[in-house]
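One structure is given below, encoded as structure tokens.
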Amino acid sequence: MADIEPFPNKDSIEFKDKFVERYSKLTDFEEWKKYSLAFPRKAIRVNTLKISVEELKKRLEENWVLEQVPWCKEGFWITHKEGRRDIGNLKEHALGYIYVQEASSMIPGKVLFPDAGDKVLDMCAAPGSKTTQMCAYMENKGLVFANDVEGIRLAPLGINIQRMGITNCVLTIMPGQRYAKSGMVFDKILVDAPCSGTGTVNKSPGTLKMWNPAMIKRLAIVQRNLIKTAYDILKPGGIMVYSTCSNEPEEDEGVIDWLLKGTDAKLLDIDLDIKRSDPIVEFEDEKYNPEVRKCLRIWPQDNHTEGFFVTKILKPGKNN
Ligand code: SAM
């Protein structure tokens, strides 16, 4: 793994007692701190709708070092030979050849992997890293509904979709739960849920100040509503992916356990070249369905990325 660059102020960052207690039980807290209190590695995804990976590498490799992300062939960690960090200012960015996307955020789109014939819903889509990734896999065919509840986040979503040259995408703005009454059904659905973001402390250390168990419980209610809506409007035989950048069991395995209790959903294995940690099967008073072992849980220290949680879900039906 690449060298880590600790925050200069890492020793003055404070943790709530309950956070330390929780994280010491869930993982190796010292390792977690080492990677969460260090600068994130910048990564890009090549937009194959506009340029091939080889051509893009040729354009950048004089000044930048690109290191392959093992689980996404269009993904690369990127560092400048003389220390430049402003990838967003590159001509290649303005031209829509690349999307600046954290390496672990490339996983959900890769796992869902819609193809040209699919009708897809991206229920919580802004600012569009995963929407644009999926549209590229679909080669601008089929149809993607990219939804978000926040008007202010829809502008960057629209801009990113335009910049990446996407033409198979419709934007909607409403709570994802309202899709329940839309009368539409989908072949594939991504629920990249709003979450506490505890996997992203390396990007937003302020998350630590906002963190509290009551907030996690409130978020889990929203997440349950979103995942259940998505399951209801998934076609039989359809696939959905539920993901968060949180490492809290209530937002991750807890939500999946809840879905398994109330539906006929089946979990599928996730086969990716990535270091993973054991999913949580027991937490506080809860014992989760052992099927949650099929979920992908990664901590920041596993791959020197943000922490992430991804589940691949099948709705049994006529195509199976
Ligand atoms: N998928 C996005 C990407 O890859 O760029 C990131 C999505 S972010 C983790 C979660 C998103 O959920 C936020 O943009 C937030 O505005 C949206 N959101 C929050 N509550 C929602 C709801 N009830 N329905 C739909 N979207 C919601």
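The values are calculated or read from the model by the stated rules, or taken from the named source; none is laboratory data. These figures come from a predicted structure and were not determined experimentally. Don't worry about glycine lacking a Cβ; one is built from the backbone with ideal geometry, like all the others, and counts go over all protein chains shown. Accessible surface areas use protein heavy atoms only, side chains included; no ligands, DNA or RNA. Shrake-Rupley method; radii C 1.70, N 1.55, O 1.52, S 1.80 Å.
Observations on the structure shown:
Residue-by-condition table, conditions (1) buried (at least 20 other Cβ atoms within 10 Å of the Cβ); (2) closer than 24 Å to L66 by Cα; (3) away from the ligand (no atom under 13 Å from the Cβ):
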| site | (1), (2), (3) |
| --- | --- |
| I107 | yes, yes, no |
| A116 | no, no, yes |
| V120 | yes, no, no |
| T131 | yes, yes, no |
| A136 | yes, yes, yes |
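- Exactly one residue out of K141, K203 is open to solvent by 60 Å² or more (accessible area, probe 1.4 Å) and at pLDDT below 95, and it is K203.
- Enumeration of residues in segment 79-105 that are surrounded by 18 or more Cβ atoms within 10 Å (Cβ to Cβ), under 21 Å from C245 (Cα atoms) and of a type outside the set (F, W, Y): Q101, E102, A103, S104, S105
- With respect to the conditions (1) within 16 Å of the ligand (Cβ to nearest atom); (2) over 30 Å from E5 (Cα atoms); (3) open to solvent by less than 10 Å² (accessible area, probe 1.4 Å), R218 falls short on a single one, namely (3).
- When we screen A155, A116, A136 for residues that are among the small types (G, A, S) and outside any helix (DSSP H, G or I), the only hit is A116.
- Inside segment 202-215, residues that are touching a residue at least 12 places away in the same chain (Cβ under 8 Å), closer than 19 Å to S105 by Cβ and within 15 Å of the ligand (Cβ to nearest atom) make up a count of 1.
- A search for C-beta distances below 7 Å between a residue of segment 258-270 that is at pLDDT 95 or above and any residue that is among the basic types (K, R) and open to solvent by 80 Å² or more (accessible area, probe 1.4 Å), counting only pairs 6+ apart in sequence or on different chains, returns W258/R224.
- Qualifying residue in segment 40-57 (condition: within 24 Å of the chain's Cα centre (by Cα), part of a loop (DSSP other than H, G, I, E, B) and more than 30 Å from C169 (Cβ to Cβ)): no
Conditions tested, residue by residue: (1) of a type in the set (K, R); (2) closer than 23 Å to E248 by Cα; (3) in contact with a Gly (Cβ under 6 Å, 6 or more places away or on another chain); (4) modelled with pLDDT under 95.
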position	(1), (2), (3), (4)
F7	no, no, no, yes
S12	no, no, no, yes
D17	no, yes, no, no
Y23	no, yes, no, no
D28	no, yes, no, no
S52	no, no, no, no
N63	no, no, no, no
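- Only one of L171, L157 that is more than 21 Å from T263 (Cα to Cα) and open to solvent by 40 Å² or more (accessible area, probe 1.4 Å): L171
- Residue among G197, G238 that is over 23 Å from L314 (Cβ atoms) and either within 12 Å of the ligand (Cβ to nearest atom) or open to solvent by less than 10 Å² (accessible area, probe 1.4 Å) (or both): G197
- Complete set of residues in segment 251-266 that are surrounded by fewer than 24 Cβ atoms within 10 Å (Cβ to Cβ) and charged (D, E, K, R): D257, K261, D264, K266
- Just one of the numbered conditions (1) farther than 17 Å from S204 by Cα; (2) open to solvent by 30 Å² or more (accessible area, probe 1.4 Å) is not true of P40: (1).
- Taking each residue of segment 74-93 that is without any contact (Cβ under 8 Å) to a residue 40 or more places away in the chain and looking for partners that are polar (S, T, N, Q) with beta-carbon atoms closer than 8 Å, six or more apart or interchain, yields G75/Q68; G75/Q101; F76/Q68; H80/N63; K81/N63; E82/N63; R84/N63.
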